[in-house]
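The values are calculated or read from the model by the stated rules, or taken from the named source; none is laboratory data. Since we're looking at a predicted model, the values are computed, not measured. The protein model used for the area step is the full one, side chains on, heavy atoms only, and it has no ligands, DNA or RNA in it. Shrake-Rupley method; radii C 1.70, N 1.55, O 1.52, S 1.80 Å.
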Amino acid sequence: MFTKELLVMLSVMVCCLAACNSKPANTATAAPDSIAKQPDTYAQPERVAFLEDPFKDINRFDIAVGNDFIDSVYQAYATGTDTTSERDLCLGDACTSYLTIENSNENTTLYMAKTNCYEYGFGNDQFLLKNDSLYFTRRFNVNVEEYPTAQTDTKWRIEETVHWFNGDSVTRYIRTTFTRKLDGFDFTLKNVTPVLTPADTSAYANDVEHLKQILTLKEKIAAD
């Protein structure tokens, strides 16, 4: 039985869990994948003042997140595949929704999860499994880097971490930037260059655990 304090800690991990350690694994350049074609250009939903930003809205999965591969996979899978969802799962300071898209023809499953921790930030994650094994993950988080003072606004850290898993090798790309103004910020990070960095030896296990935490949120909430 989980204590309430442990459950709150797990909810924050879902929103804000970052990569651990810095021990490099074998790396390899990710090759073009046959699953998805180059994504078509499609317009972002209008970001209207006083309404929930679609990047923060945990029940909006129909937006281009800014990663060409996962955007193209979503476009290819959004229709004609088995889709299920769990929405508005709230635990502690975080609320999460996730979408599951299964493609039996290619034996792949795409999980898309969005979490809003409100004044602490928000997250937007995708996990693509091939033959029940992780193939691609994208972890996107907006977290407080510096809390506001009488002289300065909150400083936000916006970071995207992408892993490509290929057998015993893993390739990691990271895009990181900072802002003191979230309104109107381009969360696709199209003007931020991805940096190839050594991947943690625990990257696969960490991403599996993070996905497990998301998929078991409903049970954790029921047990609270």
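Distance cut-off 32 Å, Cα to Cα: go down the list 155/212; 130/155; 130/181; 181/220; 114/181 and report the pairs above it.
Exceeds cut-off: 130/155; 130/181; 181/220.
For segment 156-222, taking Cα atoms only, what is the radius of gyration to one decimal and the Dmax to the nearest whole Å?
Expressed in Å, the Cα Rg and Dmax of segment 156-222 come to 15.3, 42.
Amide H of residue 145 versus every other amide H placed in the peptide plane: which residues, excluding those fewer than 5 positions away on the same chain, fall under 5 Å?
Those lying under 5 Å, H to H, from residue 145 are 155, 156, 157.
With a 1.4 Å probe and every protein chain left in place, tell me how much accessible area residue 218 has, in Å² to the nearest 10.
Approximately 110 Å² for this residue.
Can you run phi through the Karplus equation (6.51, -1.76, 1.60; θ = phi - 60°) for segment 193-205 and list ³J(HN,Hα) in whole Hz, with x for Gly and Pro?
6, x, 10, 6, 10, x, 8, 5, 5, 9, 4, 4, 5
In terms of solvent-accessible area of protein heavy atoms at a 1.4 angstrom probe, what is the ranking of 212, 190, highest value first?
190, 212
Report the Cα-based extents of segment 43-165 along its three principal axes, largest first, to the nearest Å.
The Cα atoms of segment 43-165 stretch 57, 31, 30 Å along their principal axes.
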